[in-house]
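The values are calculated or read from the model by the stated rules, or taken from the named source; none is laboratory data. Note that this is a predicted model, so its numbers are computed, not measured. When we count neighbours, we look across all protein chains shown, and the Cβ atoms used for this are built from the backbone with ideal geometry, even at glycine.
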Amino acid sequence: MKNKQSNKKVIFTLHDFGKTKSINDGIIYSMEHPNNIATQYSLMPNGLASSEAAKYAKAHPEHSFDLCITFTDFAPLSKGHKTLTDKSGNFLKADTVKWDFSVLDKYDDREVENEIAAQYEWFLKKVGRKPSALTTQKSEHGDPKILVPFADLAKSEGLPIRAPAWEWFGNYAAQSYVEDLGLKSSTNLFVATKDWKGKNGFSLEEDTDNIIDAIRTAPGISEILALVGFVDKELLELSSVSWHRGEYINLLVRKPEILLMFTETFNFINFKDLK
Amino acid sequence: MKKLVIVADDFGFLPSVNDGIEYLFKNSPVIEISLVTNAKYTLEALKIAKKHKIQNLGIHIELLGSKSLGRPVTTSDYTVLYQEKSYEDIEILAKEEIKEFERLVGKTPTHITSHKGIHGNFKLLNYLINYARGKNIPIRKPITALNVELGEQNYAAEISLKRAGLKSSNYLIAHMLGNDSNVTKKAYIDDLAKLKDGESAEIITHPAFFDENLLNHSALNYLRTRDISIFTDKIFLNKITKMGFEICSYKDL
């Protein structure tokens, strides 16, 4: 077996499982593809196709599925809340262009706690086991309003968490908070979405060397987060991230040697390995 | 209108720092000075403050100091401190330091800053927020030097400060390194140019005269005289006011 070039541990996550049917199809296609290098899958509980995603997760315990808690997309699962939603019954929308999440200011602390519990209960019921970790869809747990009850749940359930980044970058107070609680976590995130390159993201294909160099020198456990999926009309209308989700699939099929560069350099793990 | 607070840190640390800050206070619009409470030359600094009737005196929290360690405190010292001490332990240390400030100065601080941005950790920040909230004391933006590998961002701490309703600047600007004053001045101007109307910034300065004592006790040594040169440069300061900035105190934010 070829020696790894680095001892660095890396988690490679496919994100948004459950968001739509076309995303589910793309992620399942990737999971079952012989060139797949992903080790982790983030399952949303309140997406348009979450039930189907949960069914797949239940049938495949060999894969590592985390619970991707959501606070700014789709609708809450809990009842009796007064502060979480707009008139349509969906979560208040954050502005992801300006990365303005001031809507979280409006959320009642108790309702946030109840909603996290409701999303967790959903996972236990639908998947039939605990998630391998807790994460959030847009890293909302980088905000203390979400972080505190989120970390409490992770602690009580003995679960690792994704790094509490903000805008996908480091967030010292949150990271030191979770470390102080004794929670296992990834330490930094690299979002593999081509449209975000130069801002807070990378292209897996065009920035391969840059990502590898950045991960080599980053502390702790790095997580590469890839937004993957097929695209249909429903997704186009729903998400600003559409064609970008094809990059990983394209590499799987046509340029697996690029993905091999990652697996040959680093030790790929998943969140189960952190427990 | 945009607002700018210029703060001189480390008052009380060394005689040459005290002298440098005194000089800057007399010759520039530096109007906030941050006092180290348990430093060897704190009492001398307070005499200077009394002599010049310095009103805007804040606390520069250290928790650990060179006086107690017998050597300059390092980032690793704080990393270990936060790993080993509980929230309650840190609160006790911070409370003692603030109490000592109030005893020595005779009033509450006009602002709160910290060495190496250590108030960017919740163990200290949570206590400071509770203390400051009752007295409406502004707190420096909690960008920290404690984990440079994670980068500068410290959103969780910043949003906590904001939600507590405490005053803080929108931007924190520091150019501690670099011995070319012209390059540093340009960097300040470029940073300040990013502010929109209605926003505020704090510039951190470390003014001091340079002597052997400073050389032996601080990794930031001759560069402190650069800050004296920059912040007594009337052309540079006029440029800032022409950019639409009001140089003000923390309470005016």
Which number in (1) under 28 Å from B:GLY12 (Cα atoms); (2) at pLDDT below 95; (3) not basic (Lys, Arg) marks the one condition that B:GLU202 misses?
-> (2)
Since A:PHE169 meets every condition but one in (1) aromatic (Phe, Trp, Tyr); (2) surrounded by fewer than 23 Cβ atoms within 10 Å (Cβ to Cβ); (3) at pLDDT 90 or above, which condition does it not meet?
-> (3)
Could you run through segment A:119-174 and say how many residues are polar (S, T, N, Q) and within 12 Å of chain B (Cβ to nearest Cβ)?
-> 2
Tell me which residues, restricted to segment B:138-158, are in contact (Cβ under 8 Å) with a residue 40 or more places away in the chain and more than 11 Å from every other protein chain (Cβ to nearest Cβ).
-> B:PRO138, B:ARG140, B:LYS141
Any idea which residue in segment A:10-34 is surrounded by the fewest Cβ atoms within 10 Å (Cβ to Cβ), counting only those that are free of Cβ contacts under 8 Å to residues at least 60 places away in the same chain and assigned to a loop (DSSP other than H, G, I, E, B)?
-> A:PRO34
Filter segment A:96-118 for residues that are away from chain B (no Cβ under 14 Å) and small (Gly, Ala, Ser); which is surrounded by the fewest Cβ atoms within 10 Å (Cβ to Cβ)?
-> A:ALA117
Taking only segment B:92-135 into account, find how many residues are charged (D, E, K, R), away from chain A (no Cβ under 14 Å) and within 20 Å of B:LYS67 (Cα to Cα).
-> 7
How about segment A:145-180: which of its residues are over 17 Å from A:LYS130 (Cα atoms) and in a loop (DSSP other than H, G, I, E, B)?
-> A:ALA163, A:PRO164, A:ALA165, A:GLU167, A:TRP168, A:GLY170, A:ASN171
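Those residues that are modelled with pLDDT under 95 and charged (D, E, K, R), I need them from segment A:1-27; list them, please.
Correct list: A:LYS2, A:LYS4, A:LYS8.
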Quick one: is A:ALA54 over 23 Å from A:LEU236 (Cβ atoms) and without any contact (Cβ under 8 Å) to a residue 12 or more places away in the chain?
-> no
Take B:LEU161 and decide whether it is in contact (Cβ under 8 Å) with a residue 24 or more places away in the chain, within 14 Å of chain A (Cβ to nearest Cβ) and not small (Gly, Ala, Ser).
-> yes
Return a yes/no flag: does segment B:177-188 have any residue that is in a helix (DSSP H, G or I), charged (D, E, K, R) and more than 30 Å from A:LYS145 (Cβ to Cβ).
-> yes
Just to be sure, is B:GLY198 on the phi > 0 side of the Ramachandran plot and either without any contact (Cβ under 8 Å) to a residue 60 or more places away in the chain or of a type in the set (A, V, I, L, M, F, W, C) (or both)?
-> no
Among what's in segment B:155-176 and is over 17 Å from the mean Cα position of the chain (by Cα) and part of a loop (DSSP other than H, G, I, E, B), pick the residue that is farthest from A:TYR172 (Cα to Cα).
-> B:GLY165
Could you tell me whether B:ILE247 is surrounded by fewer than 18 Cβ atoms within 10 Å (Cβ to Cβ), touching a strand residue (DSSP E or B) at 6+ places or on another chain (Cβ under 8 Å) and not charged (D, E, K, R)?
-> yes
Run B:LEU128 past the list (1) without any contact (Cβ under 8 Å) to a residue 60 or more places away in the chain; (2) crowded, with 23+ Cβ neighbours inside 10 Å; (3) in a helix (DSSP H, G or I) and report the number of the one that doesn't hold.
-> (1)
